[in-house]
Each structure stands twice: as structure tokens, then as C-alpha cells.
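These notes are about the structure you will find just below.
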Amino acid sequence: MTRRVAATGVALAAAVVLGLGGGGAGAVTIHPGSLGFSITAVHARRWFIFQARPGELMRGELLVRNTGPKPKRIELAGTDAVTAGGGGYAFSSFSPCQAGSWLRLARRSVTLRPRGAAVVPFTIAVPRDASPGEHFAGITAVDAAEVAAVSARRAVLRHTGAVILTRAGIAVQVDLPGAPVYRLAFRGVRLAVSPSGARLALQIANTGNQLVPSTHVHLVVSRGARTVFRSETQLGVFLTDGGLDYEIPWQGTVADGLYHITGWLAPSRGARVPLVQTLRIADRSIHELRRESPVATVAASRIPAVLLIALGVAGVMIAGLGYVIVRGRP
């Protein structure tokens, strides 16, 4: 059985930072109008939303438009949708393995004359064993000339640095029947080190089958009886079919030792999730932080008092020996 459903909306656009090891390392939202092209859905809503059943074949149409004065070739791809670092909708840079793999475009590229446009049909083949709830994918578009320039740049830089590729994307949502489940899970915490400093990465997963609109994150980091810092933050939209390392900047000095992480996640829909874990920060993490982030505040290396006294005594003895030698000269 096939069903035709389409929706309209503005495309998202992002500058994707590509590490030279491959894959997308991050994304920064930009204005879609600066790309020189646009993609929109053909009918009437903000993005594609399909009400389907397992085993159904859905159909939609995408409008690709060249907004510039020169011809362009636009490359299209189906992709998985993922939760962005602070919440919200983002598109994976890897080969689709979830709902994005259900999507097939009639054309993988279109060549457009100046100010020209083309309609590209696509289908979504919902697997017969697909689980109930909301599933999210996307269609992305890139300028083929920019892809070629980025490829050349990566070849020159080889294994150092990073390059930026701008993409447009539009969301594709597939809703399958079944009881709605809103549920987040806390998987753990780790210390993340980057040039901007140290961060606590909370490993969170959406184990339900519905998008969670927002989540309040209450966090307390303590060491013994002393509170190191507190944090109150708001996580944006959390999609299904995936997890997230939600990073919270470390406040104050980072020192090796044992820390206690407590707090809770309070999603706008679903039950509150407790945060309870012990985190050990080792010396090697402090060394890595010093190396990777000059701006970070880290504790000075701790030298045992006995060793300091021994070094001091040795220094005095050496100085005294030098004085005796000088005085003993004829």
C-alpha cells in the first residue's frame, strides 16, 4: 500500500566542520539564503510529516531552487536526523542506518540554470518490523562545486586542521501507530577535554518513542563535603533513535581526584531522571587538559612535602659545598 503525504517548510542550513579523519565533528547554524540555493517541501506544512504503518510506502516531493545568477549542480542525500549538542534537529554526516535508510530519492543531483528550479520525488519504505512512535530523518543538499573545493582542501591539509562544508537540510518525520512513550535515560558521565576547556559530558539517551520538547538539567559536582559547582541548564528538543553527550562547562579549577555527580533531568514530558555517579579524574586527564587547553584552570602538580623538604636540604648542601670550595682556593 502507498500513501502520498507532503509538507512544506523552510530548510535548515548549517556549516558542518569536517575533521580530516572523516565524519562531521560539529555544525553551526547559518542563514539558508547565504547558500545560493534552497530546498523546500512541495505542499503545506513546516516539514515532511508522514502518518504511516509498518510495511507502507510513502511518497513526497522536494523543490530545489537555484537562487543565484550562475548555473549550479546540487547534490542530494537522505540522512539520519540526530539531536544537536544542545538539543534540536541536526543531520548526520555518516551513512544512514536508522530512518534515513528508509528514504530513496528519484535523483541524487540536479543541475539548475540561474534562478531555475526542479522538483525531485522521493519515497520512504517503512520496514515491516519498524517500532511504534516517531522516527526522524532528513534530506540534505550541497553545492557540488563546494564539495569539490572541500575535497581538494582536505587533500592538501591531509591529517591536520579541519574544513567547513555548508549544507541545507529539511526534516522528514515518520509517525507509526502505538502507545506514546516519553522516557530519557542517564548512561554515565565523563570529563571531556577540548581547546575551549574542560566539560562534563552527560551521556543521555531517549529510550522512548516520542520526541521530548525540552529538558531542565540540574547538576551538582562535589568533592568530599565541598560543592565544587552547580549548574542549571536547558536542553532543547531531544529526538528518538539516539543518544547524546550533553556537555556542561566545568566551573573553577580542575584537579585530579574523586568527584560525586548528583542532580536530575526534568523532561517537559516523561518522568524525572536522577543523576548519580562517581567520577575519578586521573593525572593523565589533567596533563591532557594542560596540553589541549591553555585557557583551562588546572591545579598545580602536587609534590609531596617530604620531597620538597629533601630538595630544599639538598639545595642548601650544594650551596654550602660551593662556598667551601671557593673559600678553599689559594
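Nothing in this text is a laboratory measurement; each read-out follows from the coordinates by a stated rule. All values derive from a computational prediction rather than experimental measurement. Glycine also receives a Cβ, built like all others from the backbone with ideal geometry; neighbour counts cover every protein chain displayed.
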Take every Cα-Cα distance within the stretch 49-192, group them into 10 Å bins from 0 onward, and report for each bin the whole-number percent of pairs it holds. 10, 32, 31, 19, 7, 0
If you add up the charges near GLY87, with Lys and Arg at +1 and Asp and Glu at -1, over every other residue whose beta carbon is less than 13 angstrom from its beta carbon, what do you get? -2
Only Cα pairs under 8 Å and at least 6 apart count here; give the relative contact order of the stretch 184-292 as a rounded whole percent. 31
Below 12 angstrom from the Cβ of ALA266, what's the summed charge of the other residues (Lys, Arg +1; Asp, Glu -1)? +1
How large, in Å, is the stretch 184-292 by the Kirkwood hydrodynamic radius built from its alpha-carbon pairs? 14.6
Give the separation of the Cα centroids, the stretch 246-288 to the stretch 89-121, in Å. 39
If you take every residue apart from ALA282 with its C-beta less than 10 Å away from the C-beta of ALA282, what net charge results, scoring Lys and Arg +1 and Asp and Glu -1? -1
Taking the Cα-to-Cβ direction at ARG153 and at ARG59 and moving 7 Å from each Cα, how far apart do the two end points lie in nm? 4.0
For each of VAL276, VAL193, count neighbouring Cβ atoms within 10 Å of the residue's Cβ, then give the residues from fewest to most. VAL276, VAL193
